[in-house]
Amino acid sequence: MAIKQPKALNPFAEAVAQFDAAADRLNLSQELRAILRAPKRELTVNFPVRMDDGRVEMYTGYRVQHNINRGPAKGGIRFDANVSLDEVRALAMWMTWKCAVVNIPFGGAKGGVIVDPRKLSRTELERLTRRYATEIAGVIGPESDIPAPDVNTNPQVMAWIMDTYSMHRGYSVPAVVTGKPLSIGGSEGRMEATGRGVSVVAREACKALGMELKGARVIIQGFGNVGSITAKLLHEAGCRIVALSDVYGAIHNPDGIDVPVALRYVQEHGALNGLPGAEPVDGKAALELPCDILIPAALEGQLTHLNAPRIQAKLVVEAANGPTTTEADAILHERGIHVVPDILANAGGVTVSYFEWVQDLQHFFWAEDEINQRLEHIMTRSFAAVQAKREEQNCDYRMAAYLLAVARVAEATQVRGIYP
Ligand code: NAD
């Protein structure tokens, strides 16, 4: 029998290593560590989908709930060819810490289907989504586990999930997912929330580190929901966006890319490639170009021991989940490059998801201004708490955020006790 080689990068191993480092510093007991390391529930579903040409194809999906001691599980659903159980486990664990670091009453979960949605027609994508939603319907619900969009899923996908779940109940259950279209109980500001939160955190980090936000040179990897909104808001704040990338490649202009033009270009052409006034560059090389702030906003594992020695940024703001490997983190730290971790930097999305869920449960909706103000408040408050912890503990931002988050989840776990 062939021996399976370990994967070069296992996101769950990365997530556990980050947790262990914080647990060591918090002096958590071995029992508590074992509880907090283990995902509470892991559901794997294999299901058939009828394709447009009549063929039937099998797909595999997951829903993992990591820890629900502070409230219902919360986390996005990803459709991607590279989804794996270990990736979903890692993302679920990060959600637990993320909800805790911004102190919203949720636990962590994540879901995913192994599929390249670009290869599906709209009707195939709808059938896949509805079947996956039905397969996981036993574990999701407004009181138990509330999905949201993630890579390659969007408000339309959330609408199909909400509709499918509601059909099985016989009445509308808007609070079963967040990130829905406004017309069915979505929240104002949700689409922009993650990018808005990233830009608030970048601004606060610049203040804390004595860096000027206005005129700062910024590189953003990924130009989807999070990357594009972050680019737009930082451009509006006076930053110079010197490089952008998407799955097809990267573009560079040291004088600054006109972000509104790039947004329109991508809407028309589907990719950044060919944007007038910017040079095409290799996607990986783009991360190493001169800049002040580097914002990975695509996928995990992008900053590794291979490129970390060449990163030129002074500040990395992790808009994506898990973009920096543990090794890269150590190298960046040694080189004096500050890294604001994902669990804080991209928590704006789950924060407004929380607002959406509250609005759905109350059937009472807030204006966009109110939402953005509340988001701003939670993100600045959370950044300040992490900054204070960092100074108190003389550690980096990731450790400070983990110390806060893990301590909150550990406390909730302890006070609830072991059942029975
Ligand atoms: P998205 O699907 O809208 O966009 C992903 C972007 O990344 C696309 O532009 C894609 O072309 C690009 N991309 C993919 N592979 C790439 C590569 N190898 N190099 C460069 N670009 C690449 O997804 P999103 O919702 O913007 O999510 C991006 C990241 O942010 C993910 O890590 C996700 O988990 C995280 N996140 C998203 C939210 C949210 O509210 N959407 C919240 C928190 C965290």
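Values as computed for the structure displayed
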| quantity | calculated |
| --- | --- |
| Test: residue in segment 45-55 that is in contact (Cβ under 8 Å) with a residue 60 or more places away in the chain, part of a loop (DSSP other than H, G, I, E, B) and over 14 Å from Ala405 (Cβ atoms) | yes |
| Selection within segment 248-264 - within 25 Å of the chain's Cα centre (by Cα) and farther than 16 Å from Ala286 by Cβ | Pro260, Leu263, Arg264 |
| Flag for Val409 being part of a strand (DSSP E or B), hydrophobic (A, V, I, L, M, F, W, C) and at pLDDT 95 or above | no |
| Close pairs (8 angstrom Cβ cut-off, 6 or more residues apart or separate chains): in contact (Cβ under 8 Å) with a residue 12 or more places away in the chain and closer than 28 Å to Pro149 by Cβ in segment 206-231, within 11 Å of the ligand (Cβ to nearest atom) and aromatic (Phe, Trp, Tyr) anywhere | Ala231/Phe223 |
| Residue tally, condition closer than 22 Å to Glu143 by Cβ and in contact with a helix residue (DSSP H, G or I) (Cβ under 7 Å, 6 or more places away or on another chain), over segment 69-93 | 5 |
| Selection status of Arg196, among the basic types (Lys, Arg), within 15 Å of the ligand (Cβ to nearest atom) and at pLDDT 95 or above | yes |
| Selected residue (criterion: nearest to the ligand (Cβ to nearest atom)) from residues of segment 245-258 that are under 17 Å from Ala320 (Cβ atoms) and touching a helix residue (DSSP H, G or I) at 6+ places or on another chain (Cβ under 6 Å) | Ser245 |
| Flag for Met93 being in a helix (DSSP H, G or I), open to solvent by less than 20 Å² (accessible area, probe 1.4 Å) and of a type outside the set (Lys, Arg) | yes |
| Selection status of Ala148, part of a strand (DSSP E or B) and not assigned by TED's automatic domain parsing to the domain that holds Gly274 | yes |
| Filtered residues of segment 199-248 (kept if buried (at least 21 other Cβ atoms within 10 Å of the Cβ) and either on the phi > 0 side of the Ramachandran plot or not assigned by TED's automatic domain parsing to the domain that holds Ala385 (or both)) | Gly222 |
| Contacts under 8 angstrom Cβ, first residue in segment 27-44 being closer than 17 Å to Ala405 by Cβ, partner open to solvent by 70 Å² or more (accessible area, probe 1.4 Å), 6 or more apart | Leu32/Gln414 |
| Which listed residue is within 21 Å of the chain's Cα centre (by Cα), part of a strand (DSSP E or B) and away from the ligand (no atom under 11 Å from the Cβ), from Val242, Val218 | Val218 |
| Members of segment 382-397 found to be surrounded by fewer than 16 Cβ atoms within 10 Å (Cβ to Cβ) and either under 14 Å from Arg203 (Cβ atoms) or hydrophobic (A, V, I, L, M, F, W, C) (or both), listed by number | Ala384, Ala388 |
| Considering residues of segment 249-262 that are buried (at least 16 other Cβ atoms within 10 Å of the Cβ) and hydrophobic (A, V, I, L, M, F, W, C) only, the residue nearest to Gln302 (Cα to Cα) | Ala250 |
| Matching residues, segment 314-340, being outside any helix (DSSP H, G or I) and more than 16 Å from the ligand (Cβ to nearest atom) | Lys314, Leu315, Arg335, Gly336, Ile337, His338 |
| The lone exception for Asn307 - which of (1) over 24 Å from Gly349 (Cβ atoms); (2) more than 13 Å from the ligand (Cβ to nearest atom) it fails | (2) |
| Some residue of segment 364-381 being open to solvent by less than 10 Å² (accessible area, probe 1.4 Å) and touching a Leu at 6+ places or on another chain (Cβ under 9 Å) | yes |
| Scope segment 171-196; condition open to solvent by 70 Å² or more (accessible area, probe 1.4 Å) and either touching a strand residue (DSSP E or B) at 6+ places or on another chain (Cβ under 8 Å) or without any contact (Cβ under 8 Å) to a residue 24 or more places away in the chain (or both); matching residues | Tyr171, Ser172, Leu182, Ser183 |
| Residue selected from segment 131-170 under the condition open to solvent by 10 Å² or more (accessible area, probe 1.4 Å) and among the charged types (D, E, K, R), by the criterion modelled with the lowest pLDDT | Asp150 |
| Selection count where residues are open to solvent by less than 40 Å² (accessible area, probe 1.4 Å) and basic (Lys, Arg), scope segment 33-60 | 1 |
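The values are calculated or read from the model by the stated rules, or taken from the named source; none is laboratory data. The shown structure was predicted, so the numbers you read here are calculated from the model rather than taken from an experiment. Using ideal geometry, Cβ is built from the backbone for each residue, glycine included, and neighbour counts are taken over all protein chains shown. Note: accessible area is taken over every heavy atom of the protein model, side chains too, but ligands, DNA and RNA are not part of it. Shrake-Rupley method; radii C 1.70, N 1.55, O 1.52, S 1.80 Å.
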